[in-house]
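K.L.:
Questions regarding the structure given below will be posed in turn.
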Amino acid sequence: MTLARAEAASRRYGDVLALDRVDLDVRAGELVGLLGPNGAGKSTLMNLLVGLRRPSSGRVELFGGDPRDPASRRQVGVTPQETGLPGTLRVGEVVDFVSAHYPDPVPRGELLDRFGLGDLHRRQTGGLSGGQRRRLAVALAFVGRPRLVLLDEPTTGLDVAARHTLWGAIRAFHSDGGTVLLSSHYLEEVEALAHRVVVIGQGRVLADDTVDAVRGIVGVRRVSLVADHLPDLPGVVRTERVDGRLHLLTTDADELVRALVTAGAAFTDLEVRPTSLEEAFLAITSGDGSTPEQSTAEDRQATAEDRPATAVPGGRPTTV
Ligand SMILES: Nc1ncnc2c1ncn2[C@@H]1O[C@H](COP(=O)(O)OP(=O)(O)OP(=O)(O)O)[C@@H](O)[C@H]1O
């Protein structure tokens, strides 16, 4: 059963096309990570799904209906990227205020304990640390026993311990049958929580796959150099020649460089750098008829045969 759906949803802000014909289904019981760099369109997509913004074209649905319908909204919990809490209210008072909007809220003590805030119920929110404030903002999304929660970068600004507390609370909600869509810049976070990851870049869905598949793609490194001719090299998933430079995409840059040296290859101006998640996906989507307008010259030059498989082993968690 689909709880939230976008169908060819686009959203324009003046000249900026923030979302470009996005399709997304979030089904009951899923924990979906929405991953992408700054400005990719993650918040815009979430705002459409919960009815805070309307699509410029296409459709969005929440629980099969209009996201702006109050009956749908009562079943959804949301933590936006930024929240303002009234600084003079105590933590417990803020929870009580939000609870009053729901027929069967989670008891205050239980909610605060889940998010490691049990000792702070008498503290004015203005006296909370940034991390405590963020945890409270996330906790409030769960007050009304929602069927679906949307969390926009929930752990930004949290230290490791606070992040783990929050992950535990999200996991507990999910294992009790709750559905979660959370956005993040951190592949580690998505990996720790989600089975499915939707990668979004420049307003488009670049991949919608298992976390393992996405991890593999992120593990690709770009080794670039100037050389006329190279021997056969191990682990190269794609080769591009741009403006006299050769770019070799590989899952193991160390091994590749060792092989270059061992083979006595004549090269200059060697550079090794990570392939960003977005870059990896733009490379993968090039040449298949769905090339995004934003693809680079390098991507356009590559042939379809050069493209790597979508899952490349040896990936490492990476920030995009
Ligand atoms: N209210 C607005 N007015 C004008 N442009 C906007 C508005 N909201 C978002 N945008 C633009 O839309 C694009 C997508 O923004 P969005 O906030 O959805 O991205 P994001 O993936 O959530 O980014 P971040 O990770 O930085 O939060 C960006 O180019 C942004 O500048």
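K.L.:
Given (1) in contact with a strand residue (DSSP E or B) (Cβ under 6 Å, 6 or more places away or on another chain); (2) without any contact (Cβ under 8 Å) to a residue 40 or more places away in the chain, identify the lone condition not met by Thr155.
P.N.:
Unmet condition: (1).
K.L.:
Mind counting the residues in the range 65-78 that are assigned to a strand (DSSP E or B), surrounded by 16 or more Cβ atoms within 10 Å (Cβ to Cβ) and out of contact with any Pro (no Cβ under 6 Å at 6 or more places or on another chain)?
P.N.:
Within the range 65-78, residues that are assigned to a strand (DSSP E or B), surrounded by 16 or more Cβ atoms within 10 Å (Cβ to Cβ) and out of contact with any Pro (no Cβ under 6 Å at 6 or more places or on another chain) number 1.
K.L.:
Another question, if that's okay. Kindly check whether there is at least one residue in the range 228-243 that is hydrophobic (A, V, I, L, M, F, W, C), within 16 Å of the ligand (Cβ to nearest atom) and open to solvent by 20 Å² or more (accessible area, probe 1.4 Å).
P.N.:
no
K.L.:
To continue, here is another question. From the list Leu49, Leu34, Leu62, which residue is open to solvent by less than 40 Å² (accessible area, probe 1.4 Å) and more than 13 Å from the ligand (Cβ to nearest atom)?
P.N.:
Answer to the check: Leu62.
K.L.:
For the range 159-190, give me the residue count where each residue is open to solvent by 10 Å² or more (accessible area, probe 1.4 Å), away from the ligand (no atom under 16 Å from the Cβ) and outside any helix (DSSP H, G or I).
P.N.:
Residues in the range 159-190 being open to solvent by 10 Å² or more (accessible area, probe 1.4 Å), away from the ligand (no atom under 16 Å from the Cβ) and outside any helix (DSSP H, G or I): 3 in total.
K.L.:
Shifting gears a bit: Just checking, does the range 67-74 include any residue being assigned by TED's automatic domain parsing to the domain that holds Gly203, more than 12 Å from Val149 (Cα to Cα), among the acidic types (Asp, Glu) and away from the ligand (no atom under 15 Å from the Cβ)?
P.N.:
Taking every residue of the range 67-74 in turn, at least one turns out to be assigned by TED's automatic domain parsing to the domain that holds Gly203, more than 12 Å from Val149 (Cα to Cα), among the acidic types (Asp, Glu) and away from the ligand (no atom under 15 Å from the Cβ).
K.L.:
I'm trying to understand the selection: among the residues of the range 7-28, which are over 11 Å from Arg196 (Cβ atoms), out of contact with any Lys or Arg (no Cβ under 6 Å at 6 or more places or on another chain) and of a type outside the set (Ser, Thr, Tyr)?
P.N.:
Ala9, Arg11, Arg12, Gly14, Asp15, Val16, Leu17, Arg21, Val22, Asp23, Ala28
K.L.:
Within the range 80-91, track down each residue that is open to solvent by less than 40 Å² (accessible area, probe 1.4 Å) and at pLDDT 95 or above.
P.N.:
Val91, the sole residue that qualifies.
Conditions (1) in the same structural domain as Ala71 (by TED's automatic domain parsing); (2) touching a Ser or Thr at 6+ places or on another chain (Cβ under 6 Å); (3) β-branched (Val, Ile, Thr), marked per residue:
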| site | (1), (2), (3) |
| --- | --- |
| Ala100 | yes, no, no |
| Arg108 | yes, no, no |
| Asp113 | yes, no, no |
| Leu117 | yes, no, no |
| Gly127 | yes, no, no |
| Gly131 | yes, no, no |
| Val138 | yes, yes, yes |
| Ala141 | yes, yes, no |
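K.L.:
Would you check which residues across the range 18-52 are touching a Ser or Thr at 6+ places or on another chain (Cβ under 7 Å) and either aliphatic (A, V, I, L, M) or assigned to a strand (DSSP E or B) (or both) and list them?
P.N.:
Ala18, Leu19, Asp20, Arg21, Asp25, Val26, Arg27, Ala28, Gly33, Leu34, Leu35, Met46
K.L.:
Can you tell me how many residues within the range 209-227 are within 30 Å of Asn47 (Cβ to Cβ) and either aliphatic (A, V, I, L, M) or within 16 Å of the ligand (Cβ to nearest atom) (or both)?
P.N.:
5
K.L.:
Continuing with the same structure: Quick test of your reading of the structure: Gln81 fulfils all but one of (1) touching a Ser or Thr at 6+ places or on another chain (Cβ under 9 Å); (2) outside any strand (DSSP E or B); (3) more than 16 Å from the ligand (Cβ to nearest atom); (4) of a type outside the set (Gly, Ala, Ser). Name the failing condition by number.
P.N.:
Going through the list (1) touching a Ser or Thr at 6+ places or on another chain (Cβ under 9 Å); (2) outside any strand (DSSP E or B); (3) more than 16 Å from the ligand (Cβ to nearest atom); (4) of a type outside the set (Gly, Ala, Ser), Gln81 breaks only (3).
K.L.:
Inspect all residues belonging to the range 1-23 and state whether any of them is away from the ligand (no atom under 14 Å from the Cβ), surrounded by fewer than 19 Cβ atoms within 10 Å (Cβ to Cβ) and among the hydrophobic types (A, V, I, L, M, F, W, C).
P.N.:
yes
K.L.:
If you don't mind, there's one more thing I want to ask. Counting only residues that are more than 10 Å from Gly36 (Cα to Cα) and open to solvent by 10 Å² or more (accessible area, probe 1.4 Å), which one in the range 194-203 is modelled with the lowest pLDDT?
P.N.:
Step by step, filter the range 194-203, then rank; the result is His195.
The values are calculated or read from the model by the stated rules, or taken from the named source; none is laboratory data. The model shown is predicted, which means the values in this text are computed figures rather than measured ones. Note that each Cβ is placed from the backbone with ideal geometry, even for glycine, and that neighbours are counted across all protein chains shown. Heads up: the accessible areas ignore ligands, DNA and RNA and are worked out on the full protein's heavy atoms, side chains in. Shrake-Rupley method; radii C 1.70, N 1.55, O 1.52, S 1.80 Å.
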